[in-house]
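Data block below; observations after.
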Amino acid sequence: MTPPAALLPAPAHAASYLEGDMSIRAWLTTRDHKRIAIMFAIAITAFFFIGGAAATLIRIELATPAGDLVSAETYNKLFTMHGVVMVWFFLIPSIPATLGNFLVPLMIGAKDLAFPRLNLTSFYLYVGGALFTLAALFAGGVDTGWTFYTPFSTMFSNTNVIAAIAGVFIVGFSSILTGLNFIVTVHKLRAPGMTFFRLPLFVWAIYATSVILVLATPVLGMTLALLGIERIWHIGIFDPSLGGDPLLFQHLFWFYSHPAVYIMVLPAMGIASEIIPCFARSPVFGYRTMAYAIIAIAVIGFLVWGHHMFVSGQSVYAGLVFSILSYLVAIPSAIKVFNWTATLYKGSISFDAPMIYALGFVGLFMLGGMSGLFLAALALDVQLTDTYFVVAHFHYIMVGGSVTAYLAGIHFWWPKITGRMYPARWAQFAAVLIFLGFNFTFFPQYLLGIEGMPRRYHEYAPQFTTLNVLSSAGAVILAMGYLLPLVYLGWSLVRGARAPQNPWRATGLEWTVPSPPPTENFATQPHVDEEPYAYPPVAASRQEAAT
Amino acid sequence: MSLPFMPPEASSLASRYDVLFAAMTALTTAVSLAVTIVGLWFMFRFRRRATVDRSRPPAAAQLRRRRILETIWIGVPLLLFIAAFAWSASLYYDRSTPPAGALEVAVVAKQWMWKLEHATGQREIDVLHVPVNVPVKLVMTSQDAIHSFFVPAFRVKQDVLPGRYTVLWFTATRAGDYQLYCAEYCGTDHARMFGHVIALAPPQYQRWLDAQGATTTMAAHGEALFRALGCSGCHGANASVHAPALEGLYGRPVPLADGTTIIADDRYLRDSILLPKRQVAAGYEPIMPSFAGQVDEAEVLDLIAYIRHLGGKEALR
């Protein structure tokens, strides 16, 4: 495929951010949002595979009903490590700190984020905090689960709780500073003509995510600090035997941790909203509705935390309120799925790897959302909460949804970021493999939950064996699916063909600069005079296919 | 109704639960299939190689159509969600409201076992015998971390908290041996905090009761404790110390020294025994010592059973 001449790289261009001083020192002290994004990407990839290794051991253990591979204590430490690493050191920073960092300035026509030094500070806070917690997880471990429920975590666990939460606390500051940086950047650094309703939906999503990061993360920090105070000094906050309230921790924890789910999934929605119109050659269906839906999710998402606590002993009436609000937050999510589907109508659809990943994301997110409707239903939640149904539900949203979308984004912007193309067939194959492997791993877990298997069980009753074996077998396929991109994307860095400026013929300012972008991003100040996703109508004939 | 993968239906709530579950499954499956089919049809029909009419209607017509479609797919889910909410909420409300006259069992959870005491005094560990077709109400507390009492065949689950009483009720409808799990992660042997609820037909249940031999009721245990711990020295009829009388106290409003009023329920009585300074009854000096550390959770429940036995609003029934 030869792109039209207009889309070829500009003949003369400034040095790209991957040229110039490539010393380690230059990278580690860079203030370029693009280089910082790359450093974040390397770090979160490492954490993804550490968390994945813990998941692998968990699935091997669960292949048989008896607890025969590791001891109960080790098992508990494994699922804690898996949860802590995946939630705080992979999922929360994943899309915002990598793709968001790289793309937001490019998408709005800015030279960098508003506070480049703060951006680098975010990176070091993240790496420092995450490594600190990781050390605690390896040297002795923590057995509380990623949820750190009190009073177990404050009074009964004999593991490195304090060290683990200290690292998470520090990483929280990275989240807050990154969010702040994006908010200011989107408000202050948009190019002339780039009004809010011309922003790509990815920027809307990162903006809404940033608001959540700034408002919710401090609550996590305070909650963990209170936990530490109770554990170290035995000051009664959560433990009733010290005069504390046994449910207070859960309220505070979920006040952060439910919005945290939207920190993970809103950017994923943003990515899907970029990719689907591009490969359907069709403007996104209902741009403004999509933008409002993002904001609605971010706002209502703050008011649903109590749906984690329907059987906790909170009042019945609180349960009623949280249930109806949970249904309310499902509406904007449903709108997005319907609008993505409608975007395909009258399109000219090609199935390049990013598109397969993005469509896979929509399917898995929909299946995860549907199971959420069961969990929002008070009476159904009573039976399903704390079983494998919940485990399947949030993995569909956070792994099937967010991770698949993250990979979609990586494949979509890889040519822009690295200046290299990857082997298209391998990428398409991996996208399909991950979709199948994911369902194979996690669909059986819905059924396990319906059968009544509680979560966080090191060993289980024999009637749950078949479905657990299926899930573990699926995990093998899923693991291969996740390793594949590491191989072919790594290969493309060395051997991949040079990427043109706009290989997908996408709209958006990031595609108007060379691949990889110059250090300064834009040679001249861009002006925006066009609506987003202005994909021209495609003629009825097959001329599209010929280009 | 018996659904695939669902545990047997063995309680009065189970069949109602399963109907709701089936309805939700039907709804979500139908919507998922519809979206998937439409999506796949678009992907096929408008694939790049297809020769097909891709002309877009004029902007105004597009906007009108979009408004109609979006109104439909906001409005229809909203109505369905309200229906799902109302249906599940009414079942949840019933699940949270134990019927009057239920057989009472006190549950004390600890790492990693279930201790159960029937109101009539029978004590069990990790096994609970109940009669079928009689409502059973569990009053539960934990000695350490949070646990959760989960019997899948009954479709009931309730967290068990330290320092607080939570209530769970069920009416077993079929005799059998049902699995009891701890559903809230509680430490090393969480997966082994496993038990049984054995539902028996009335004659068998009577036989089981008989086999337990003579027992003293929880209230009688509580009365013995009441004397042994010296409570009667102040709260007894002939006491010289000015302390609140306990006859007729249970379930009644108690004016507190800070001007508020509290209902003398299980939680208030528990707090008064273990944390007496927290809520001081109006007109009394805060001189009662705490009994924390001297009585365990089971004994507190015995004491409460005794105070309840002394009469009161609820105890009169």
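Here the sum of -39500 (n - 2.57) over DSSP H runs of 4 or more residues, divided by the residues of chain B, equals -12500 deg cm²/dmol at 222 nm, to the nearest 500. The simple Förster model, with R0 at 41 Å and r as the Cβ-Cβ distance, assigns A:Leu18 and A:Ile162 a FRET efficiency of 0.50.
With a simple spin-label model that places each label point 7 Å from the Cα along the Cα-to-Cβ direction, the separation between B:Asp126 and B:Asp296 comes to 1.6 nm.
On the basis of the beta-carbon distance and an R0 of 25 Å, A:Leu248 and A:Ala135 show a calculated FRET efficiency of 0.25. Placing a pseudo-label 7 Å from each Cα along the Cα-to-Cβ vector at A:Ala473 and B:Ala61 gives an inter-label distance of 5.3 nm.
In chain A, the DSSP-assigned H stretches of four residues or longer account for a calculated mean residue ellipticity at 222 nm of -21000 deg cm²/dmol, using -39500 (n - 2.57) per stretch and the full residue count as denominator.
Give me the base-10 log of I(q)/I(0) for segment A:384-473 at each q in 0.19, 0.24 Å⁻¹, Debye formula, one uniform scatterer per Cα, rounded to two decimals. Ignoring solvent entirely, the Cα scatterers give -0.84, -1.13. The antiparallel fraction among DSSP beta bridges confined to chain B stands at about 70%. The H on the amide N of B:Tyr250, modeled in the peptide plane, is under 5 Å from the matching H of B:Lys313, each at least 5 residues off or on a different chain. Between the listed residues A:Thr341, B:Gln143, B:Val127, the Cα displaced farthest toward the positive end of the dipole of the protein assembly as shown, a dipole computed from Cβ unit charges relative to the Cα centre, is found at A:Thr341. Normalised by 2.2 N^0.38 Å, with N the number of residues, the alpha-carbon radius of gyration of chain B equals 1.41.
Taking the square roots of five times each eigenvalue of the Cα gyration tensor of segment A:32-522, the equivalent ellipsoid has semi-axes of 35, 25, 23 Å, listed largest first. As a ratio to 2.2 N^0.38 Å, the alpha-carbon radius of gyration for segment A:293-350 is 1.56. With q set to 0.28 Å⁻¹, the log10 of I(q)/I(0) for segment B:2-42, from the Debye formula over equal scatterers at the Cα positions, is -0.90.
How many percent of the alpha carbon pairs in segment A:138-261 exceed a separation of 19 Å? Everything past 19 Å amounts to 55 percent. Contact order, relative form, for segment B:70-167: 22 percent (alpha carbon pairs under 8 Å, 6 or more residues apart, mean separation divided by residue count). The spread of Cα positions in segment B:103-211, taken along each principal axis and listed from longest to shortest, comes to 39, 25, 21 Å.
The string of couplings for segment A:33-42 from the Karplus curve (6.51, -1.76, 1.60, θ = phi - 60°) is 4, 6, 5, 4, 4, 5, 5, 4, 4, 5 Hz, one whole number per residue in order, with x for Gly and Pro. Considering only alpha-carbon pairs that sit under 8 angstrom and 6 or more positions apart, the relative contact order computed for chain B is 15 percent. In this simple spin-label approximation, A:Ile42 and A:Gln525 carry label points 7 Å from Cα along the Cα→Cβ vector, and these lie 3.5 nm apart.
Extension gain for A:Phe196-A:Glu73 works out to 39.1 nm (0.36 nm per residue, less the C-alpha to C-alpha distance). Restricting attention to the protein assembly as shown, close to 70% of DSSP beta bridges with both partner residues there are antiparallel. Under 5 Å from the amide H of B:Thr173 lie the amide H atoms of B:Ser11, B:Ser12, B:Asn133, each residue being 5 or more positions distant or on a separate chain, with H modelled from the backbone and absent for Pro and chain starts. Considering only the Cα atoms of segment B:218-309, their convex hull presents on average a projected area of 5.4 nm². Counting lysine pairs in the protein assembly as shown that sit 8 or more residues apart in sequence, or on different chains, and whose Cα atoms lie under 17 Å apart gives 8. Computed from the Kirkwood radius of its Cα pairs, the Stokes-Einstein diffusion coefficient for segment A:201-307 at 4 °C and 1.567 mPa s stands at 83 µm²/s. Go ahead and run the numbers for FRET between B:Ile72 and B:Ser240, Cβ-Cβ distance against an R0 of 60 Å, rounding to 0.05. So, using R0 = 60 Å, E works out to roughly 0.15.
Put a plus charge on the Cβ of each Lys and Arg, a minus charge on the Cβ of each Asp and Glu, and nothing anywhere else: the dipole of chain B about its Cα centre is then about 2380 debye.
Set the Cα radius of gyration of the protein assembly as shown against 2.2 N^0.38 Å, with N its number of residues, and you get 1.05. Averaged over the residues of peptide A:360-366, the number of Cβ atoms from other protein chains lying within 10 Å of each residue's Cβ is 2.
None of the figures in this text is laboratory data; all of them are computed from the coordinates on show. No experiment lies behind these values; they were computed from the predicted model shown. Ideal geometry is used to build each Cβ from the backbone, glycine not excepted, and the neighbour counts take in all protein chains shown.
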